[in-house]
Structure formats: structure tokens, C-alpha cells
Amino acid sequence: MMCDYSTPRSSAIVSPKATLVNIIMKFHITYWLFFLLVVSCSQSPNKLLNLGYEFLGKGLNEKADSVFSEIIRNDGQVSLAFNGRGMAKKRMGNLEGAIADYSIAIEIDSNPVHISNRAIAYSKLGKYLEAHNDYLLVLERDSGNSDYWFGYGEVLIKLEDYNKAIIVFERLNTQGSGHRLSKVWENLGFCYNKKEERIKAIESYKEAIRVDSSNSIAFNELGAIYLNFGMYVISREIFKESLSYLNNTEDSAFAFYHLGLSYDFLEEKDSACKYYQMSINLGIDESIVGETIQGTCGDITN
């Protein structure tokens, strides 16, 4: 029997003339049906475990947390329960609590999934050295998992170890497709740009866009390289093209700003101010770009 902690819904429609007694009776019947479901589930730890992960899959994180906590109260050696509760806590923003649960899961069973989950939580907390060490442990146990290599590469970028990051992402640039592969090429572009290897950076960003034309970061970074090279006509065309694909307001705001900047450097003031205004309308952070815009267009914030 599949167990579900959500309150069963009655298909009967209570008419406006229903008596208070009938309503109370229906409430008690529903309550006891629910209670019996809980009791039957509690007799089967595996069913409870499956229920917890089912709740996670549906985004019902508080319910998942409660189910996993119940399993742990009955048996403190179920690593998957600690891992599941850690996932629920991470999704609810309790990263320290998630790390604590992942750590217990790892002590019980050093499953690479538990270690990888802790690495992700460490990374989200900005504890990149701890995340780095966890990814090394994971890769010792499962060196064939591209997700683990990808996470390791991103942590290396945070640690500014661009040479090692390039080795990792070059290992991955023939694997997968779509958004993930585009992110691999984007990260390669970022690393090469940081190493001031601009040609390789440009090639990598172009490949990221070829794989996934909605990759706004690759578009913006590619255009920015051409801006810094003084190749304003090319940067203008890149930002124009990017606006054909972007559907995120923040990304579009930056694209409009950089398009305006390209026109600004080309001394086409009217076009520059037009696109600056569009970036302002989309909520770009004026504390960052306001001085540049005001220097060309005056006060156009109103």
C-alpha cells in the first residue's frame, strides 16, 4: 500500500444545509483514516523512506523532513534517512543543518552521493576548501561520474585554480549536451579569460553559445571581451543577437546596458541613451552603472 501523509479529500460536496453533526462526523472519519495510514506506514521503514523521497520529489520539504526524522528516531543507523533529511534542510535554507545530517550519513555509509551532497552544501556556504576535499573523496570512489567532475571544476574556479579547472572542463567538453555542455564551455571561457588567453576564451564562449543559444552569461562575457579589445561594432552585434534569446529580465537589463555601452564607444549618443534607458527600465543596478549612463545621457532615471 502506498502511504501518503496528505489528508484524504472527500469527493462528497457538503451542502449549505448540512448539519453541524454531519460535518463533525466527516471530520472524525477523515482524521481516523489519516491516522490508520500513518500507523500502517510506520510499521514499514522502507515505505516511510520511499514516502520521504516522494515528498522531496514533489517539493514538500517540511513533510519530507518530518518523515525522515521519524525514521531516525526509530533507527539512528539509516544513512538514507539522514541524507534525505539533509536534502530537505538544504532546500529549506538550513545549510549547516544539512551538512550535519550529510556528515552522519557519511559516517554510517560513505556513499559517494552523501559526500557529493555535502560538497554542494559546503560550496553554497562559500566553504570551498571543504567542498574541494569532499569532491576529491567522491572522485576516489567514483571517477566516472561527470556530475562530480563538474562540481569539482566549479569549486576549483572559486579557489582560483584555473589551470586545474581547465583540465577538468576539457575532460568534460565532449560529454553530454544542451545546457550542461554549454556550461562546461562557458567555464572554460571564464578560466581562459582569467588567464588572459583571450582567443581561447572567445572560442570557448562561442562554443557555449553554439550548444545553447540561451546561455546569457556566455553572450555577455563574449561581448565584454570584444568591448575590452575596443572592437565595438562586433560587441554591438553580439549584444543585439543575445537579446533575441534572453527571456530573463536581469540578463536582458545587462545586455541592453552593454549594447548601450557599445554605441557609447561608437559615439552614437542617441542609440546609447536609448538602450541605457531600457536597462534602467528593467531594473539594472544604477549604483554600478549610473555614473557611466549619467556621463553620456544626463539624468534619465525618471
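Every number here is computed from the coordinates shown, using simple stated rules; none is lab data. All of these numbers come straight from a predicted model, not from anything done at the bench. Quick reminder, even Gly has a Cβ in these numbers, built from the backbone with ideal geometry, and neighbours come from all protein chains shown.
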Note to self: If you average the C-alpha positions of region 80-94 and of region 172-234 separately, how far apart do those two centres end up, in angstrom?
What the structure shows: 34 Å
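Say R0 is 25 Å: what FRET efficiency, to the nearest 0.05, do Ser287 and Phe229 get from their beta-carbon distance? Walk me through the numbers before you get to the answer.
Numbers: r = 27 Å, r/R0 = 1.08.
Working from the Cβ atoms, E equals 0.40.
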Note to self: Give me His132, His258 sorted ascending by neighbouring Cβ count inside 10 Å, so fewest comes first.
What the structure shows: His132, His258
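What FRET efficiency do you get for Lys200 and Lys124 if R0 is 41 Å and r is their Cβ-Cβ distance, rounded to the nearest 0.05?
Computed FRET efficiency for Lys200 and Lys124 comes out at 0.90.
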Check: For region 227-302, what class follows from the C-alpha gyration tensor (a ≥ b ≥ c being the square roots of its eigenvalues): rounded when a/c is under 1.5, otherwise prolate if a/b is larger than b/c, else oblate?
Finding: oblate
Item checked: Reachable lysines from Lys200, criterion Cα separation under 21 angstrom, eight or more residues apart if same chain -> Lys158, Lys164, Lys183
Next item on the list: For Lys47, list the lysines whose Cα falls under 27 Å from its own Cα; do not include residues on the same chain fewer than 8 positions away.
Entry: Lys58, Lys63, Lys89, Lys90
Check: Using the per-residue mean of other Cβ atoms lying within 10 Å as a proxy for protection, in what order, highest first, do the peptides 237-243, 184-190 fall?
Finding: 184-190, 237-243
Check: Which value in Å does the Kirkwood hydrodynamic radius of region 82-178 take, with 1/r averaged over all unlike C-alpha pairs and then inverted?
Finding: 13.6 Å
